[in-house]
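The values are calculated or read from the model by the stated rules, or taken from the named source; none is laboratory data. The model shown is predicted, which means the values in this text are computed figures rather than measured ones. Note: ideal-geometry Cβ built from the backbone for every residue, glycine included; neighbour counts use all protein chains shown. Ligands, DNA and RNA are stripped out before the accessible areas are found, and what is left, the full protein with its side chains, is counted by its heavy atoms. Shrake-Rupley method; radii C 1.70, N 1.55, O 1.52, S 1.80 Å.
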Amino acid sequence: MFSKIRKICGEVRNKWTSTDIKEFSRVLWVLEIIFFVLQYFCVSTWICGTREEHNANYTLARSQRRSLKVEKYLLCFFVLEVASIFVINLPSNKLLQILQTIFLWIVIYRILTIFIVIINMNIFDILRLKGLKHRMISSIRTVVLSFWNYLELMLCFGICYDYFSNNGLSKQLKFLDPYYFSVITQLTIGYGDIHPVRNWVKILVIFQGILGFIFAVFIIARIVSFLPRIGSLYEDNNKLTVKKDGKE
C-alpha cells in the first residue's frame, strides 16, 4: 500500500517536472496532473490498475483479465444503484434515513468517478499512451462502455432526484418521475413539467446537463473515428478471403 503511494507520488513529481505537455499548453499540463491524481480516488483504479500501467506490461491474457475485472466492477455498482432505488423509496425512520444517506453518497461517488474516468479515457490517456505499441481496449468496447456509463448517469442522477423529491423539486413525485426527469434533463429536452426549486438541486441539474453533453460529444467522436477502421478491416478481410480462395 505505502509502496504504491510512494510510486504515485514519484509519478506526479515526474509529470510536474516533465516538459512534454508543458511546452505546448500549461493549462493542459496542470489538468493532466490533476486528473492523473484524481483517478486514484476511483476504486476501479486500485482494482484494475490504470491504462498506462497496463499498456506498459501488455499481454493478451492480462488484457482479458483486466477487461473482466472492469465489467465485474460495473456490474457491482449497477447492483448497488438498483438497491438504492428500493432503499430510498422505503418508509422512512431514523435508521433507514442513515442507510438512505449512505446509498446516496455511494451514488454521488459513482457519478464523480464516471466523470473522472471518462475524461481520463477520452483525453489524457491518449497523451499518456502516445508512442506505446499496444492499446488495452478496442474502440468498440470503449464506445460500449461509454454508452453504458451514459445510461448509468441517468440512473444515478435519477436516484439523487428521488432522494430530494420531497423538498427539492417543483412537485411531489411518483416512483418513475425522478428517472423521467433525469432522462429529459440529460437529453436536454426539458419539458418543464418538473423543475428544481432548491439551489442544491439546481446545481445537480446543471452538472448533469454539462456531463451529459460532454459524454454525447465523446461517444459521437468515438463512433465517427471508428467508422473508417470498420471499412479498412472489412477490405482487409475481403483481400484475405480472396487470397485463400485463390490458393484453393
Members of segment 165-193 found to be part of a loop (DSSP other than H, G, I, E, B) and in contact with a strand residue (DSSP E or B) (Cβ under 8 Å, 6 or more places away or on another chain), listed by number: Gly168, Ser170
Tell me, please, whether a residue that is modelled with pLDDT under 85, assigned to a loop (DSSP other than H, G, I, E, B), out of contact with any strand residue (DSSP E or B) (no Cβ under 6 Å at 6 or more places or on another chain) and open to solvent by 80 Å² or more (accessible area, probe 1.4 Å) can be found in segment 194-217. yes
What residue, of Ser225, Ser146, Ser165, Ser182, is among the small types (Gly, Ala, Ser) and surrounded by fewer than 19 Cβ atoms within 10 Å (Cβ to Cβ)? Ser225
Residue ranges of helices (runs of 4 or more DSSP H) in segment 42-108 with at least 1 members of a type in the set (S, T, N, Q), open to solvent by 30 Å² or more (accessible area, probe 1.4 Å) and at pLDDT below 85: 60-88
Would you pick out the residues in segment 32-52 that are closer than 15 Å to Lys15 by Cβ and touching an Asp or Glu at 6+ places or on another chain (Cβ under 9 Å)? Phe36, Thr50, Glu52
In segment 1-16, residue modelled with the highest pLDDT [restricted to those that are out of contact with any helix residue (DSSP H, G or I) (no Cβ under 8 Å at 6 or more places or on another chain), open to solvent by less than 100 Å² (accessible area, probe 1.4 Å) and more than 16 Å from Trp46 (Cβ to Cβ)]: Gly10
